[in-house]
1. Check whether at least one residue in the stretch 40-59 is under 22 Å from Leu13 (Cβ atoms) and not aromatic (Phe, Trp, Tyr), and report yes or no.
2. I need every pair where a residue in the stretch 66-84 that is on the phi > 0 side of the Ramachandran plot has its Cβ under 6 Å from the Cβ of a residue that is open to solvent by 80 Å² or more (accessible area, probe 1.4 Å), sequence separation at least 6 or different chains.
3. Return a yes/no flag: does the stretch 89-97 have any residue that is open to solvent by less than 90 Å² (accessible area, probe 1.4 Å), part of a loop (DSSP other than H, G, I, E, B) and touching a strand residue (DSSP E or B) at 6+ places or on another chain (Cβ under 7 Å).
4. Of the residues that sit in the stretch 33-44 and are touching a residue at least 24 places away in the same chain (Cβ under 8 Å) and under 8 Å from the mean Cα position of the chain (by Cα), which one is most open to solvent (accessible area, probe 1.4 Å)?
5. Can you name the number of the only condition in (1) modelled with pLDDT of 95 or more; (2) touching a Leu at 6+ places or on another chain (Cβ under 9 Å); (3) not polar (S, T, N, Q) that Asp127 fails?
6. Out of Val119, Val60, report the one residue that is of a type in the set (Val, Ile, Thr), in contact (Cβ under 8 Å) with a residue 24 or more places away in the chain and either in a loop (DSSP other than H, G, I, E, B) or open to solvent by less than 60 Å² (accessible area, probe 1.4 Å) (or both).
7. Against the condition in a helix (DSSP H, G or I), acidic (Asp, Glu) and surrounded by 11 or more Cβ atoms within 10 Å (Cβ to Cβ), how does Glu103 come out, does it pass?
8. State yes or no: is Glu52 outside any loop (DSSP other than H, G, I, E, B) and over 19 Å from Val17 (Cβ atoms)?
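The values are calculated or read from the model by the stated rules, or taken from the named source; none is laboratory data. Everything numeric here is computed off the predicted structure, so don't read it as measured data. As a convention, Cβ positions derive from the backbone with ideal geometry for all residues, glycine included, and neighbour counts pool all protein chains shown. Heavy atoms of the whole protein, side chains included, go into the accessibility calculation; ligands, DNA and RNA do not. Shrake-Rupley method; radii C 1.70, N 1.55, O 1.52, S 1.80 Å.
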Amino acid sequence: MDTTQELTEAADLPYNVFAKACPSRGTLEHVTGRWGGLTLCALFEGSLRFNELRRRVDGVSEKMLSQTLHALERDGLVHREAQPTNPPRVDYELTPLGHEVAERLLGLVHLVEGRMDDVLAARERYDGTRGGL
C-alpha cells in the first residue's frame with residue numbers, strides 16, 4: 001500500500017489526529033512522547049517490574065515513569081498486574097494493542113539508530129554553516 005492510499009483511507013476514519021479536539025491526539029502524544037515511546041519499546045520483550053523498567057529507560061524519573069505508565073494504561077496500551085504479596089509486587093506488560101504500537105515504534109527506532117551516522121553528519125554540516133546551536 002502506498003502512502004497516498006494510506007492517507008486516503010485514514011481520511012475515512014472517524015478520528016482525525018489533526019483536529020484539535022480529537023481524542024486520538026492525546027494518545028499520539030502519550031505514544032510519541034520521550035518517555036511513552038521508550039516505555040513501550042522497553043516492554044516489547046516482556047513484562048517488567050517498575051524498578052526494572054526504570055533502569056531500562058535510563059534517565060526517567062520515578063514520577064515521570066509513574067505518570068507515563070498511568071497514561072499508557074488508561075489508553076489501553078499497558079496492563080498493570082498487582083500481586084497481593086508483602087511487599088506488593090507490580091508487573092507491567094503490553095496489551096495486544098500496546099504490542100502492535102510498540103512494534104511500529106521499534107521499526108522507527110531501528111531506522112533512526114541505523115542512520116545516526118547520516119544524522120550526525122547532517123548536524124555537523126548544519127552547525128558548520130550556521131555557527132552551531
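1. So far as the stretch 40-59 goes, yes, one or more of its residues are under 22 Å from Leu13 (Cβ atoms) and not aromatic (Phe, Trp, Tyr).
2. If the second residue must be open to solvent by 80 Å² or more (accessible area, probe 1.4 Å), the pairs left are Gly76/Leu97.
3. yes
4. Initial filter on the stretch 33-44 (touching a residue at least 24 places away in the same chain (Cβ under 8 Å)): 33, 35-37, 39-41, 43-44.
Cutting the leftovers down to under 8 Å from the mean Cα position of the chain (by Cα) gives us 33, 35-37, 39-41.
Details: Gly33: 28, Trp35: 43, Gly36: 4, Gly37: 11, Thr39: 0, Leu40: 0, Cys41: 23 Å².
Result: Trp35.
5. So the condition that Asp127 fails would be (1).
6. Numbers: Val119 fails: in contact (Cβ under 8 Å) with a residue 24 or more places away in the chain.
Going through Val119, Val60 in turn, the sole match is Val60.
7. On the way: in a helix (DSSP H, G or I): yes; acidic (Asp, Glu): yes; surrounded by 11 or more Cβ atoms within 10 Å (Cβ to Cβ): yes.
It is true that Glu103 is in a helix (DSSP H, G or I), acidic (Asp, Glu) and surrounded by 11 or more Cβ atoms within 10 Å (Cβ to Cβ).
8. Details: outside any loop (DSSP other than H, G, I, E, B): yes; over 19 Å from Val17 (Cβ atoms): yes.
Answer is yes for this residue.
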